[in-house]
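Data block below; observations after.
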Ligand code: SAM
């Protein structure tokens, strides 16, 4: 029996990498990386010299067997994504499931993720929430946005910068001016921005920007929330 570690890595600030995460990456036999070049920067910074191989959304179905073979031969493997927690809008679930199914130990090494970092900072209720991840670009998008607008509890969406305004406007159609929303941009980075307000004014503010850049999480309060 071997161990598959799912190791969280920084979402923008290298100092958020935990000593334990470094220790685990130094202890394993091989590291599966979403992108070996991206992870190379982190691994080099922490002087972690272990063999790496790629494991990303386009090859994970095929490469999961490779991970199981390595575990079956007694090797301990770590899985890291480009940023944050593996499995959270990133590869991870298939590998963890396969490791469990083959009788191996699965251990997650906690650390940064954009979801809980945005939730902690947004000042909206986070005792209960639904994580929507990335919304589909076309088919089913309206239905999901309507469900977010109707939800009684807080929702969290990962959105790309060039689709943010479109998302806010679409949400506005169903949720109206008063809904409380927080746009968390570039979390943990130099230009971190937490823009919180009611949807009508937020749509106006973000429409006035020349361009939107960076990585974004949107937190939407539940229907019925007021302050
Ligand atoms: N596994 C990651 C996690 O644990 O949060 C998520 C990876 S997903 C491919 C990338 C998305 O996460 C970005 O498009 C953005 O929505 C969000 N994200 C990642 N880093 C972020 C940051 N520093 N600030 C805001 N959002 C971020």
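Scanning region 55-76 for residues that are surrounded by 16 or more Cβ atoms within 10 Å (Cβ to Cβ) and without any contact (Cβ under 8 Å) to a residue 40 or more places away in the chain, we see that the one that is farthest from residue 37 (Cα to Cα) is 68. Of all residues in region 113-134, those that are near the ligand (Cβ under 7 Å from one of its atoms) and in a loop (DSSP other than H, G, I, E, B) total 1. Would you call residue 2 within 20 Å of the chain's Cα centre (by Cα) and modelled with pLDDT of 95 or more? Against the criterion (within 20 Å of the chain's Cα centre (by Cα) and modelled with pLDDT of 95 or more), residue 2 does not qualify.
Evaluate the following for residue 199: is it in contact with a strand residue (DSSP E or B) (Cβ under 9 Å, 6 or more places away or on another chain), over 23 Å from residue 83 (Cβ atoms) and touching a residue at least 12 places away in the same chain (Cβ under 8 Å)? Yes, satisfied. Counting only residues that are closer than 30 Å to residue 13 by Cβ and either assigned to a loop (DSSP other than H, G, I, E, B) or not assigned by TED's automatic domain parsing to the domain that holds residue 32 (or both), region 56-105 holds 16 of them.
Scanning region 90-125 for residues that are farther than 17 Å from residue 159 by Cα and free of Cβ contacts under 8 Å to residues at least 40 places away in the same chain yields 93, 94, 97, 98, 100, 101, 102, 120.
The residue list 152, 177 contains one member that is more than 15 Å from the ligand (Cβ to nearest atom), farther than 18 Å from residue 123 by Cα and not in a helix (DSSP H, G or I), which is 177.
Answer yes or no as to whether residue 87 is farther than 29 Å from residue 159 by Cβ and surrounded by fewer than 21 Cβ atoms within 10 Å (Cβ to Cβ). Taking the combined requirement at face value, the residue does not satisfy it.
The values are calculated or read from the model by the stated rules, or taken from the named source; none is laboratory data. Everything numeric in this text was worked out from a predicted model, so none of it was measured. Methodologically, a virtual Cβ is constructed for each residue, glycine included, from the backbone with ideal geometry; neighbour enumeration extends over all protein chains shown.
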